[in-house]
1. For LYS178, which aspartates and glutamates qualify as cross-link partners when the Cα separation must be under 13 Å and same-chain residues fewer than eight apart are set aside?
2. Sorted from largest down, what three extents in whole angstroms do the Cα atoms of segment 63-128 have along their principal axes?
3. Size of the dipole of segment 132-270 about the Cα centre, Lys and Arg at +1 and Asp and Glu at -1 on the beta carbon, nothing else charged, in debye to 20?
4. How high is the relative contact order of the chain, given as a whole-number percent (alpha carbon pairs under 8 Å, six or more residues apart)?
5. Percent antiparallel among DSSP beta bridges with both residues in the chain, to the nearest 5?
6. Just add up the charged neighbours of GLN33: K/R +1, D/E -1, any other residue whose Cβ is under 12 Å from the Cβ of GLN33.
7. Starting from the amide H of ALA152, placed 1.01 Å from N in the peptide plane, find each other amide H under 5 Å away whose residue is 5 or more places distant or on another chain.
8. I need the helices of the chain that pass two filters: whole DSSP H segments spanning 20 Å or more by Cα along the axis, and mean Kyte-Doolittle score no lower than -1.0.
Amino acid sequence: MAERNPVVDLSVPSAARMYDWLLGGSNNFEVDQMACELLLEVAPTSREIALNNRWFLQRVVRVIAEEHGIKQFIDFGSGLPTQRNVHQIAQEIDPEARVVYIDNDPVVLALGQSLLDENDKTAILPVDMTDTDTIFAHKDLTRLIDFSQPVAALFVSVLHCLPDSAGPKQLVQRVVDKLVPGSCVVVCQLVSDDPKVRDDVTELMRVQTKDNWGRVREKADVEEIFEGLVAQEPGLVDVTDWRPDSELQQRQRSIEWTEYGGLGVVPRRA
């Protein structure tokens with residue numbers, strides 16, 4: 001299929017590969033590294049925010065699997081595979097856990113497919129995460145995900161990549177409408193209280209990725225996306241403070257901006 005072999009434009013940075021570099025990964029190119037250096041000039045604690053976000057993802061997946069007993073996960077805009085991916089954490093708790101990753105970045109697809117080919121309870125869909133009609137109809141999703149049972153939908157550090165015109169709130173709502181009560185939804189995205197940081201980072205990412213990148217938002221924007229979900233303790237917070245495993249993780253703080261969000265449960269419909 002043509003989707004399996006997309007062309008990688010090495011002259012343009014990728015948000016997924018930039019994130020990989022900030023995490024200390026090797027699945028990135030010089031153009032991504034240069035873009036990250038520019039980002040660090042604007043927001044010097046960008047490495048900390050990337051690490052905080054990754055640790056949050058690992059903690060929240062564990063909580064969903066252990067405490068909510070959910071064994072089905074859909075990871076929207078999953079990014080490059082790295083250590084302690086969603087399926088690895090979930091399947092440690094329940095070997096029957098099933099995970100569908102969704103991403104249309106060419107490098108993500110190439111590396112993700114080679115990793116997941118060895119695990120028949122996982123799949124990666126080469127689809128734009130906003131194209132929910134295609135996602136819900138995809139044979140790999142229908143093979144692995146049973147929507148008559150609770151599902152965990154993950155939107156972790158990805159909605160800021162969507163411009164307002166792409167409807168991040170509407171995207172989450174379309175997914176929530178598909179889920180039965182008791183399902184879990186995780187939302188976090190980059191926010192800042194400083195208008196200059198919001199503007200500068202947004203402009204930098206749009207210029208560097210040559211894309212209609214989204215924007216660094218405000219906490220109120222994330223809270224609006226969360227409307228209709230029952231936020232679980234400790235609520236919507238800087239993800240560094242979301243049930244941290246250690247004081248070390250809490251000390252690794254970002255300053256100029258944060259990942260803000262949490263875990264919500266789909267309530268019973270009236």
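Rule-based calculations on the coordinates, nothing more; no lab input. This one's a predicted model, so the numbers in the text were calculated from it and none came from an experiment. Every residue, glycine as well, gets a Cβ built from its backbone with ideal geometry; the counts of neighbours run over all protein chains shown.
1. Filter leaves ASP133, ASP146.
2. Principal-axis extents of the Cα atoms in segment 63-128, largest first: 34, 22, 19 Å.
3. Rounded to the nearest 20 debye, it is 520 debye.
4. Working: 492 pairs, mean separation 54.5, N = 270.
So the answer I get is 20 percent.
5. Numbers: 12 of 30 bridges.
Counting only bridges with both partners in the chain, antiparallel ones make up about 40 percent.
6. Surrounding charge for GLN33 is -3.
7. Close amide H contacts, sequence-distant or interchain: GLN72, PHE73, ILE74, CYS184.
8. Answer set is 46-67, 195-209.
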